[in-house]
1. Output the qualifying pairs, or none if there are none: Cβ atoms under 7 angstrom, residues six or more apart or on different chains, first residue in the stretch 192-209 and loosely packed, with under 11 Cβ neighbours inside 10 Å, second residue basic (Lys, Arg).
2. Select from the stretch 37-68 the residues that are open to solvent by 20 Å² or more (accessible area, probe 1.4 Å) and touching a strand residue (DSSP E or B) at 6+ places or on another chain (Cβ under 8 Å) and write down the one among them that is farthest from Thr103 (Cα to Cα).
3. Looking only at the stretch 7-31, how many residues end up being within 8 Å of the ligand (Cβ to nearest atom) and either aromatic (Phe, Trp, Tyr) or open to solvent by 20 Å² or more (accessible area, probe 1.4 Å) (or both)?
4. Out of all the residues in the stretch 412-429, is one or more open to solvent by less than 70 Å² (accessible area, probe 1.4 Å), out of contact with any His (no Cβ under 7 Å at 6 or more places or on another chain) and assigned to a strand (DSSP E or B)?
5. Of the residues Ala368, Ala279, which is assigned to a helix (DSSP H, G or I) and small (Gly, Ala, Ser)?
6. With the requirement that a residue be within 11 Å of the ligand (Cβ to nearest atom) and free of Cβ contacts under 8 Å to residues at least 60 places away in the same chain, what does the stretch 164-177 give you?
7. Return the residues of the stretch 210-233 that are within 8 Å of the ligand (Cβ to nearest atom) and surrounded by 23 or more Cβ atoms within 10 Å (Cβ to Cβ); say none if nothing qualifies.
8. Could you grab the pairs with beta carbons closer than 7 Å, sequence gap of 6+ or different chains, first residue in the stretch 1-30 and charged (D, E, K, R), second one within 8 Å of the ligand (Cβ to nearest atom)?
Amino acid sequence: MGGGIHGVAVARDAALRGLYVLLAEAGDLASGTSSRTSKLVHGGIRYLENGQFSLVRESLRERAILLETAPRFVRPIPFLIPHYRGSGRSPFIVEVGIRLYATLARGGSAAARPLREHHHLTPDEAIAREPGLDPKDLLGASTYWDAQMEDARLCVAIATDAARAGADIRTYTRVTKLSNVDGTWRARLRDQIEESVSEATARVVVNAAGPWADEVRGMAAEPGPLPPAVRTTRGTHVVVPARGLRQAHLLSARRDGRVFFAVPWGEHALLGTTDVDDATAPERIAPPAEDIRYLLEETRHALPELVEGVRPVRAFAGLRSLLRGKGVVPWANPREHRILADGTLITLVGGKYTTHRSLAERVTDLVAERLEKRAGPCRTATTPVAPDRERSVEELRSTRRERFTAQPGLSVGEADVAFAVREEKARRLEDVLLRRTRLWLDARAIRAAAEPVARWMTAELEWSESRRQEEIRRVVEPLEDEERRIEEAMR
Ligand SMILES: Cc1cc2nc3c(=O)[nH]c(=O)nc-3n(C[C@H](O)[C@H](O)[C@H](O)COP(=O)(O)OP(=O)(O)OC[C@H]3O[C@@H](n4cnc5c(N)ncnc54)[C@H](O)[C@@H]3O)c2cc1C
């Protein structure tokens with residue numbers, strides 16, 4: 001259950017090992033937390049502060065695997081940490097952390113080896129690297145490497161591979177009832193678009209519902225309720241025009257010492273994230289004006305030119321589902337995952353995108369054990385992700401030639417849309433606009449592309465005129481709400 005990164009990773013691993021898999025996702029693939037991240041495959045340098053060494057080591061190992069197996073979706077990116085007098089962490093402590101980070105990254109694939117490089121920069125060298133840095137009180141900077149990812153597109157590619165390996169992947173299919181009769185799970189599935197209902201049976205259920213995981217455990221609890229396992233915290237991001245930003249930055253917020261990122265994405269830059277306890281129902285999570293203000297104000301201290309007088313072109317929020325921990329403040333809550341096994345109901349709690357593969361491997365081992373079935377060995381550490389994708393899209397281009405460019409670097413082709421519908425389970429307009437292209441970066445690009453993409457999807461899916469209009473409305477209305485929130489933050 002759940003077509004976020006964890007659900008699809010388990011589906012792919014299990015299908016590659018020869019297990020029979022049905023994955024039900026209530027919305028689109030990656031429509032939950034898995035498209036609202038900082039889009040980094042990272043060891044998590046800041047977790048060193050909390051002594052989470054094994055998590056960092058595992059994350060760095062997984063970073064190396066993803067750079068090797070999914071280079072189309074994950075690429076190295078250099079980071080800069082500016083040091084300012086009287087604020088943030090001491091440069092000495094940061095340097096020690098970076099050295100430790102590089103040491104923990106030892107070994108790994110050839111693709112990951114250059115990522116161990118790190119330097120200390122004088123103020124002049126730092127400004128030469130990033131002319132937009134505020135020179136006032138700048139003591140210097142440290143550099144290190146991590147990786148940037150297309151989160152939703154990676155999730156979709158893994159789901160597509162799972163389907164190729166034999167998994168039955170059903171999107172817009174909500175599990176509305178789950179009961180166990182004589183050792184067999186029975187699930188009622190509701191297709192959210194067709195409004196049809198069907199049933200499925202399974203011997204083992206994997207609950208990969210992220211922030212909905214407690215709700216699913218509640219659904220399955222017979223006879224008594226299972227205790228809540230999840231702490232949900234809200235993370236907001238904003239996108240602003242890049243204004244020549246050259247580097248990715250790890251910045252410290254002056255008001256609370258939290259770290260956050262400013263990362264270039266072509267002509268845009270992604271700023272985030274926040275970390276605030278939030279018990280809102282996951283489907284209603286949205287970025288409040290105060291989060292947007294926080295990110296703009298805190299970025300201004302180091303990169304004033306990036307945000308001065310700027311109106312964000314996107315703002316979105318996601319919910320972390322953290323293992324309920326002892327950390328008082330959300331950002332000190334452990335990021336480690338936990339696998340909860342209630343008989344043949346296996347629930348994933350916590351975890352990071354970066355470690356989805358290794359978590360899926362452990363879960364699939366456990367599924368095989370519960371099935372008392374010999375499954376094949378795990379192959380995901382060496383199997384490339386969607387190796388033939390580009391060739392398949394290229395083939396479609398011979399007959400699907402139209403292309404729409406919304407802005408420099410933000411375009412979509414008729415062939416991309418055909419591939420998304422035929423192979424990548426796109427069923428709604430928003431699936432293509434928000435999670436299968438880079439258009440998510442700018443609300444203006446999403447709006448501009450809505451008409452041509454709806455036209456191409458209509459041809460693929462034979463939509464009626466009223467359905468086409470409904471699809472456009474479903475894209476535009478949330479953007480209007482988002483724009484109102486941005487407007488409120490700018491007042
Ligand atoms: C703000 C933020 C930034 C982050 N940044 C990073 C980062 O840069 N790098 C990193 O490694 N990690 C990052 N993370 C963590 C990472 O995003 C999450 O660990 C990961 O996306 C969680 O995926 P998931 O599959 O568990 O949950 P989700 O992606 O939320 O998926 C759960 C799915 O279950 C479905 N579902 C729920 N109920 C049902 C039902 N009844 N029937 C069927 N389906 C159902 C939902 O529709 C949903 O799609 C970030 C998290 C947040 C919140």
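The values are calculated or read from the model by the stated rules, or taken from the named source; none is laboratory data. Bear in mind that the values here come from a model prediction, so they are computed numbers and not experimental data. Don't worry about glycine lacking a Cβ; one is built from the backbone with ideal geometry, like all the others, and counts go over all protein chains shown. Side chains included, ligands, DNA and RNA excluded: accessible areas come from the protein's heavy atoms. Shrake-Rupley method; radii C 1.70, N 1.55, O 1.52, S 1.80 Å.
1. Close Cβ pairs satisfying both conditions: Glu199/Arg186; Glu199/Arg188; Thr201/Arg186.
2. Among those that are open to solvent by 20 Å² or more (accessible area, probe 1.4 Å) and touching a strand residue (DSSP E or B) at 6+ places or on another chain (Cβ under 8 Å), it is Thr37.
3. Number satisfying all stated conditions: 3.
4. yes
5. Selected residue: Ala368, the only one of Ala368, Ala279 that is assigned to a helix (DSSP H, G or I) and small (Gly, Ala, Ser).
6. Thr176, Lys177 - these are the residues of the stretch 164-177 that are within 11 Å of the ligand (Cβ to nearest atom) and free of Cβ contacts under 8 Å to residues at least 60 places away in the same chain.
7. Within the stretch 210-233, Gly210, Pro211, Trp212, Ala213 meet the criteria.
8. From residues that are charged (D, E, K, R), the pairs are Glu25/Gly2; Glu25/Gly3; Glu25/Gly7; Glu25/Thr173.
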